[in-house]
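What follows is a set of notes on a single structure, which appears directly below.
The values are calculated or read from the model by the stated rules, or taken from the named source; none is laboratory data. Small disclaimer: the values here were computed from a predicted structure and weren't measured. Using ideal geometry, Cβ is built from the backbone for each residue, glycine included, and neighbour counts are taken over all protein chains shown.
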Amino acid sequence: MKLTAPLERVLRVLVADPGASHYGYDLMKAARVPSGTLYPMLARLQQEGLVDSQWEDQRPDAGGRPPRKYYRLTAEGARVARLELARATTAASGTRHVAAWPAHGSPS
Amino acid sequence: MIRGSCRRFPADVGADRYREWTAELSAILDDASIRSSFLRALRALAFCAGIATTARQLSRPARADYRSAGNERWRTGAPRTRPGAMAVRVAIGLAAYLIVAGLVTVTTGLTAGSHLGAWPLLLVVPLGIGFDAYCLRDIARAADVRYLRKWVWALICLAQTPLGGILYLAIGRIGPAQPLPPMPPRT
């Protein structure tokens, strides 16, 4: 799967606490991703077994709000996400080096 | 809006998605971190638009497979039309248009000098509006239309009364929606 900028942001949110569950709106706010991007992304991740979802139990203190669906990284998902994010970080810093490189050679 | 989007899925998946997304919607509307209720409503609307996009994207592969499996009547029950039949319909539509236009012109000419004035022209306005409304209703209720997107046909109908509507009825119209054949299970 290609690591796009929104996917990277979502993975960073999920990896920050791999055990935690998030519902969709939570992720939308934390990763600043619109719903039209987030849900297809989650569906793909789920299809590949990197994310699983479960319905929350109806709690009596919930004030009658409907139960939400929570998403969480699987063990495999956490592994893959860390790998991909590390690779993205290396690539990004690599680009920075290249961009900075001519400055070393410039006579000043 | 969400309910409509969920109809794209097979019933069980759609019901599951519907429960999930309406719960999210109420989470947005109850979000205490956005103080203005107007902003909350805006965000809820944006959310629903995203849901529509999502449903379109997620339901596409299943439908594409279904269509390519040789199930031509997969959605509308409409067989391909022959160009000859289409030309005949265009001709009939144009003839009807010319007859009506001719009648209006003639009666306007006849009554021009009399106290009736230009009343046949006034008759044309509700006629045009009614025809547009009929076409738009037909487009809205159709499961599918030919060649162009529904909204493009709607624009054509509105832009060129009555020629756009005649073109739509002759070329774009497939007919009333047929009940969907059962969708294949999503894998």
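Being modelled with pLDDT under 85 and out of contact with any helix residue (DSSP H, G or I) (no Cβ under 7 Å at 6 or more places or on another chain): is that true of residue B:23 here? No, not satisfied. Residues in the stretch B:58-101 that are surrounded by 16 or more Cβ atoms within 10 Å (Cβ to Cβ) and either modelled with pLDDT of 60 or more or within 14 Å of chain A (Cβ to nearest Cβ) (or both): B:58, B:59, B:62, B:89, B:93. Is it fair to say residue A:14 is away from chain B (no Cβ under 14 Å), more than 21 Å from residue B:56 (Cβ to Cβ) and not hydroxyl-bearing (Ser, Thr, Tyr)? Yes: the conditions hold for residue A:14.
Checking the structure you have, find out if any residue of the stretch A:53-66 is closer than 18 Å to residue B:54 by Cβ and either in contact (Cβ under 8 Å) with a residue 12 or more places away in the chain or not in a loop (DSSP other than H, G, I, E, B) (or both). Yes.
Within the stretch B:1-43, the set of residues being farther than 20 Å from residue B:56 by Cβ, assigned to a helix (DSSP H, G or I) and away from chain A (no Cβ under 11 Å) comprises B:37, B:38, B:39, B:40, B:41, B:42.
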